[in-house]
Amino acid sequence: MRSWSLPVGKFFGIQVYIHWTFWILIVWVFLMHAGSPQGVNQGIWGVLFILALFACVVLHEFGHALTAKRFGVVTRDITLYPIGGISSFESMPEKPAHELLISLAGPSVNVVIATGLWIYLSSTGQVPDLSTLNAAQVANLPFLYSLFIANAMLAVFNLIPAFPMDGGRVFRALLGFAMSRTTATRIAAALGQILAIGFVFLGFFYNFWLVFIGLFIYLGAGGEAVFEQTKSALAGLTVRDALMHRFTVLGPDATIGEAVDALLNSQETEFVVADAGKPIGLLTRNEIVKGLSSGGNEAAVSAFMNTEFFIVSPDAKLFEFFEQSSAKQQSVALVMDGDKFEGLIDLENVQEKMMIQEALASRRILHSTGH
């Protein structure tokens, strides 16, 4: 996804990106305002307002990120999309009180910005009397007053309890004081999806952006619920519990043709490349296909293997591997106990382990109920 995003700077150690779809919003705003009687000048002011508004959105996200940092939660990056900003956390705090404070921090930033703008506008006599304005004047409010209104609306809108928005996370945190995190997530996600359907419905009649926001919330709520279920199912398990001991090892001088034979004659899709017993790379199905098309059967696997594999300890929590593989966008890792190569682990193994755990849990429930 980073190839689709433009890095714009690093602040407090956190990289900020702008997704390419954000520029669609900029162009749309310019064209919409440029069609007014003021022409291009109005289009430029419209773009400047959107940029100022999204600067406030960035500050909103840093409110989350810097509060999270106080509780030991690392923010990988912040990405701006047309519908808002998203902070990518490496994990979320387990304590409801911490999640509550992190979730409230973003809207609080907008409240502070809106309050500061209101104080400035009031002290300088720039607050317009809305009761005396006609429709055309209301549509062209002063720049700073419009920014004040936008920040107030951002604070209120983000506190709607539609998980995974801030308000939904606040709702989950409050539920978390009385029940398990998994149950709280399931309830918050269900409410979020109900509200998302409402956003989509209203979007067709009032503002089409609500359709996109509704879809984002619906998919995000479902994804969070699945994520929390996965975390619960893998609780107490280590990498050793899902370790693959049987796998094919290729030497660095092995050919792509040999790798193709290994691929076709087994269910394996990842192969370890080792030199004198020490892993030096991974060869997945994608690398084999690439090597076959560009190098042919006789090309050495060492020319196409992935040397940027990641390593996990056999005693690491299984869910930590699940999180790391998602963050690194790599489905497989080498398992090393110190300098000793123990085996492989991939997401497919984790999913199979989850299925086994769920089957065992269902069996225990059936036995406990006497069926």
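The values are calculated or read from the model by the stated rules, or taken from the named source; none is laboratory data. For clarity, every value in this text was computed on a predicted model and none was experimentally measured. Cβ atoms come from the backbone with ideal geometry, glycine included; neighbour counts cover every protein chain shown.
On the given criteria, is residue 229 surrounded by fewer than 17 Cβ atoms within 10 Å (Cβ to Cβ), touching a Lys or Arg at 6+ places or on another chain (Cβ under 9 Å) and not acidic (Asp, Glu)? Reasoning before the result, please.
Details: surrounded by fewer than 17 Cβ atoms within 10 Å (Cβ to Cβ): yes; touching a Lys or Arg at 6+ places or on another chain (Cβ under 9 Å): yes; not acidic (Asp, Glu): yes.
Here the answer is yes, as residue 229 does meet what is asked.
Scan region 18-70 for residues that are of a type outside the set (A, V, I, L, M, F, W, C) and over 18 Å from residue 106 (Cα atoms) and jot them down. Passing the criteria: 19, 21, 33, 35, 36, 37, 38, 39, 41, 42, 43, 46. Would you be able to say whether some residue in region 338-356 is of a type in the set (Gly, Ala, Ser), part of a helix (DSSP H, G or I) and farther than 17 Å from residue 242 by Cα? Scanning region 338-356, I find no residue that is of a type in the set (Gly, Ala, Ser), part of a helix (DSSP H, G or I) and farther than 17 Å from residue 242 by Cα, so the answer is no.
When only residues in region 50-88 that are polar (S, T, N, Q) and either under 26 Å from residue 26 (Cα atoms) or part of a loop (DSSP other than H, G, I, E, B) (or both) count, which is nearest to the chain's Cα centre (by Cα)? Can you show your working first?
So in region 50-88, the residues polar (S, T, N, Q) come out as 67, 75, 79, 87-88.
Checking which are either under 26 Å from residue 26 (Cα atoms) or part of a loop (DSSP other than H, G, I, E, B) (or both) leaves us with 79, 87-88.
On the way: 79: 9, 87: 7, 88: 5 Å.
Filtering first and then ranking leaves 88.
Can you say whether residue 292 is over 31 Å from the mean Cα position of the chain (by Cα) and part of a helix (DSSP H, G or I), as far as the supplied structure shows? Taking the combined requirement at face value, the residue satisfies it. In region 169-188, is there at least one residue being out of contact with any Lys or Arg (no Cβ under 9 Å at 6 or more places or on another chain), closer than 28 Å to residue 102 by Cα, β-branched (Val, Ile, Thr) and not in a loop (DSSP other than H, G, I, E, B)? Checked region 169-188: at least one residue is out of contact with any Lys or Arg (no Cβ under 9 Å at 6 or more places or on another chain), closer than 28 Å to residue 102 by Cα, β-branched (Val, Ile, Thr) and not in a loop (DSSP other than H, G, I, E, B). Every test in (1) over 18 Å from residue 348 (Cα atoms); (2) surrounded by 18 or more Cβ atoms within 10 Å (Cβ to Cβ) is passed by residue 275 save one, and that test is (2). Scanning region 300-338 for residues that are closer than 17 Å to residue 249 by Cα and either of a type in the set (Gly, Ala, Ser) or in contact (Cβ under 8 Å) with a residue 60 or more places away in the chain (or both) returns 300, 302, 303, 332, 333, 334, 335.
Take region 233-256 and flag every residue that is under 13 Å from residue 317 (Cβ atoms), in contact (Cβ under 8 Å) with a residue 40 or more places away in the chain and of a type outside the set (A, V, I, L, M, F, W, C).
As a first pass, look at region 233-256 and keep what is under 13 Å from residue 317 (Cβ atoms): 233-242.
Still in the running and in contact (Cβ under 8 Å) with a residue 40 or more places away in the chain: 233-235, 237-242.
238, 240, 241 - these are the residues of region 233-256 that are under 13 Å from residue 317 (Cβ atoms), in contact (Cβ under 8 Å) with a residue 40 or more places away in the chain and of a type outside the set (A, V, I, L, M, F, W, C).
In region 114-123, which residue that is closer than 16 Å to residue 147 by Cα and either among the polar types (S, T, N, Q) or outside any helix (DSSP H, G or I) (or both) is modelled with the highest pLDDT? Can you show your working first?
As a first pass, look at region 114-123 and keep what is closer than 16 Å to residue 147 by Cα: 114-122.
Those still in the list that are either among the polar types (S, T, N, Q) or outside any helix (DSSP H, G or I) (or both) too: 115, 122.
Values: 115: 96, 122: 91.
Top of the filtered list is 115.
Close Cβ contacts (under 6 Å, 6 or more residues apart or on different chains) running from residues in region 17-36 that are within 18 Å of residue 88 (Cα to Cα) to residues that are among the hydroxyl-bearing types (Ser, Thr, Tyr) and surrounded by 17 or more Cβ atoms within 10 Å (Cβ to Cβ) comprise 17/5; 17/79; 19/5; 19/79; 19/81.
Of the residues in region 150-158, none is in contact with a helix residue (DSSP H, G or I) (Cβ under 6 Å, 6 or more places away or on another chain) and either farther than 15 Å from residue 108 by Cα or not assigned by TED's automatic domain parsing to the domain that holds residue 103 (or both).
Residue count for region 229-286, restricted to those that are closer than 13 Å to residue 341 by Cα and in a loop (DSSP other than H, G, I, E, B): 6.
Restricting to region 22-42, and then to whatever is modelled with pLDDT of 80 or more and surrounded by 14 or more Cβ atoms within 10 Å (Cβ to Cβ), can you tell me which residue is farthest from the chain's Cα centre (by Cα)? Only one residue fits best here, namely 30.
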